[in-house]
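Everything below concerns the one structure shown next.
Just so it is clear, none of the values below were taken in a lab; they were calculated from the coordinates. Just so we're clear, the structure is a prediction, and the values are computed from it rather than from any experiment. Don't worry about glycine lacking a Cβ; one is built from the backbone with ideal geometry, like all the others, and counts go over all protein chains shown.
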Amino acid sequence: MLVNTYSKKIFNISYQFTGSYEEAEDLTQDIFFKLYNSLQKYDFEKNFSAWLITIAKNYLIDRYRKTKWEKITRDDFDEYNLISEAFESPEQRVVKKESKKTIWEGLSSLSTEIRMVVILRDIQGEKYDEIAEIMNLPLGTVKSRVNRGRLQLAKILKEEREIKNEM
């Protein structure tokens, strides 16, 4: 029941953190295995979803630190855009793919802590207070990191746009 309820959310977080469909599948399984082994530690007075995302976040960051992997290329998987791509011209698809690649490269250049709050807030749509609980941080720190991440990402995207315009 837990896997059916939360697997898509955990997969999406894993995918957005790693950028690889195959790695995200493996990590999702690993996270649910870790969840199974940690269920006896769960405090029933706390928000289960936030607790699970905290487990996922910690696992992803620990895994990242151990392997030091930074992926530049991303899978072409995007379930939400498969239908719309059928109506796009080849030129539109190339521009869209390049834009996504630039954004993902920008995200991967952020520190893991900032990347995680930006993913949780701007991609997953979590509320600031939920992110604070998940990340075990004060609300002000979360807001600051989201803002800092957005500014850093905007700077990276602006620099990329300027480089492309010079070509």
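Observations, loosely collected:
- On Cα atoms only, tilt of 21-38 relative to the major axis of the chain in degrees: 10 degrees
- Degrees between helix 90-109 axis and first principal axis of the chain (Cα, 0 to 90, nearest 10): 50 degrees
- Neighbourhood charge, 13 Å Cβ-Cβ cut-off, centred on Asn47 and excluding it, Lys, Arg +1 and Asp, Glu -1: -4
- Relative to its Kirkwood radius, the Cα radius of gyration of the range 1-75 gives an Rg/Rh of 0.99.
- Taking every Cα-Cα distance in the chain and sorting them into 5 Å bins starting at zero, the pair-distance distribution P(r) comes out as 1, 8, 16, 19, 19, 16, 10, 6, 3, 1, 0, 0 percent.
- Remark: the range 149-161, residue by residue, has Karplus-estimated 3J(HN,Hα) of x, 4, 5, 5, 5, 4, 5, 4, 5, 5, 4, 5, 4 Hz, where x stands for each Gly or Pro and the curve is 6.51 cos²θ - 1.76 cosθ + 1.60 at θ = phi - 60°.
- Principal-axis analysis of the Cα atoms of the chain puts helix 48-67 at an angle of about 60° to the longest axis.
- The convex hull around the C-alpha trace of the range 84-167, projected and averaged over every direction, spans 6.5 square nanometres.
- Number of Lys-Lys pairs in the range 1-75 with C-alpha atoms under 16 Å apart and a separation of 8 or more places or on different chains: 6.
- Summed side-chain charge close to Val117 - residues other than Val117 whose Cβ falls under 15 Å, Lys, Arg +1, Asp, Glu -1: +2
- Set of the range 135-167 residues, backbone N closer than 14 Å to the point 7 Å along the Cα-Cβ line of Glu98: 160-167
- Per-residue packing, averaged as other Cβ atoms within 10 Å, sorts the ranges 54-66, 105-117 into the order 105-117, 54-66, beginning with the highest.
- Taking 19 Å as the straight-line reach from the Cα of Lys155, the lysines in range (excluding those fewer than 8 positions away in the same chain) are Lys100, Lys101, Lys143, Lys164.
- 3J(HN,Hα) couplings calculated from phi for the range 118-132 with the Karplus curve 6.51 cos²θ - 1.76 cosθ + 1.60 (θ = phi - 60°) are, in sequence order, 5, 4, 4, 7, 8, 9, 7, x, 5, 7, 4, 5, 5, 5, 4 Hz; Gly and Pro show x.
- Fully extended contour minus Cα-Cα distance, from Ser111 to Glu45, at 0.36 nm per residue: 20.6 nm
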